[in-house]
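The values are calculated or read from the model by the stated rules, or taken from the named source; none is laboratory data. Computed from a predicted structure; not experimentally measured. Cβ placement follows ideal geometry from the backbone for every residue including glycine, while neighbour counts extend to all protein chains displayed.
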């Protein structure tokens, strides 16, 4: 009994240490956003601000077009996340609950796309966007990301636990496949869909290289690239950069807060199932 308590205590101490190690840079960035540049650049800088200032937040928009970049990122990220959640559920349903010739080959091809390093596809994708005339357009950011091999794989595995009897009952009642998909599959897969939404939103929101390559107009650029431009132009204004970065993580926190219950329930169900 004592041995188990000691092991539990050690485990909790290790977890607390890892949590503190993880969140410390974010806390430091948040606190630094309330410091003056002189205090940030000081040789003996303190962890807590000696004098709180909100000027970094109030002057962000005046120093570069922060709101424009922010809403550009929000538009692209929400569009990509919604498309990936829908196409992943649709494709996962077809591959898991429908029998047709070549189904395993299609799924193997989907898995193969997950094993290809992402940077290998940059030049082919860029060439396709160039031929389609989509450079410097939001379609170049949204359409290539509308399908996700990870999302399809995840939804196919999640739908394996969905009873076939429910689908057959719907078909016997005259329901179409589209009706079954939207009225049965989607509601019963909300935990897995929530996981996809969280992951995909994070990946799309922080994407830097692809928007940097295909978007030439500054007015259409996303926030990840905008923050880099801000850093390049105002290399000494660390307070403004920290303030912009602190604001930029709010949508990620909001999305996780909205879907955390379904996300945790999905993880718990997977662990019990395993």
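Brief remarks follow.
- Evaluation of residue 66 against (1) buried (at least 17 other Cβ atoms within 10 Å of the Cβ); (2) under 24 Å from the mean Cα position of the chain (by Cα); (3) without any contact (Cβ under 8 Å) to a residue 24 or more places away in the chain (one fails), failing number: (3)
- Hey, residue 73 under 16 Å from residue 147 (Cα atoms) and surrounded by 14 or more Cβ atoms within 10 Å (Cβ to Cβ) or not: no
- Each residue in region 9-52 was checked for being modelled with pLDDT of 90 or more and over 23 Å from residue 253 (Cα atoms), and 5 of them qualify.
- Every residue from region 149-188 that is over 29 Å from the mean Cα position of the chain (by Cα) and surrounded by 19 or more Cβ atoms within 10 Å (Cβ to Cβ): 167
- Verdict on residue 146 being at pLDDT 90 or above, surrounded by fewer than 20 Cβ atoms within 10 Å (Cβ to Cβ) and within 23 Å of residue 198 (Cα to Cα): yes
- Selection within region 156-177 - more than 16 Å from residue 85 (Cα to Cα) and part of a helix (DSSP H, G or I): 164, 165, 166, 167, 168, 169, 170, 171, 172, 177
- Checked against the criterion of being in a loop (DSSP other than H, G, I, E, B), within 22 Å of the chain's Cα centre (by Cα) and at pLDDT 85 or above, region 243-251 has at least one qualifying residue.
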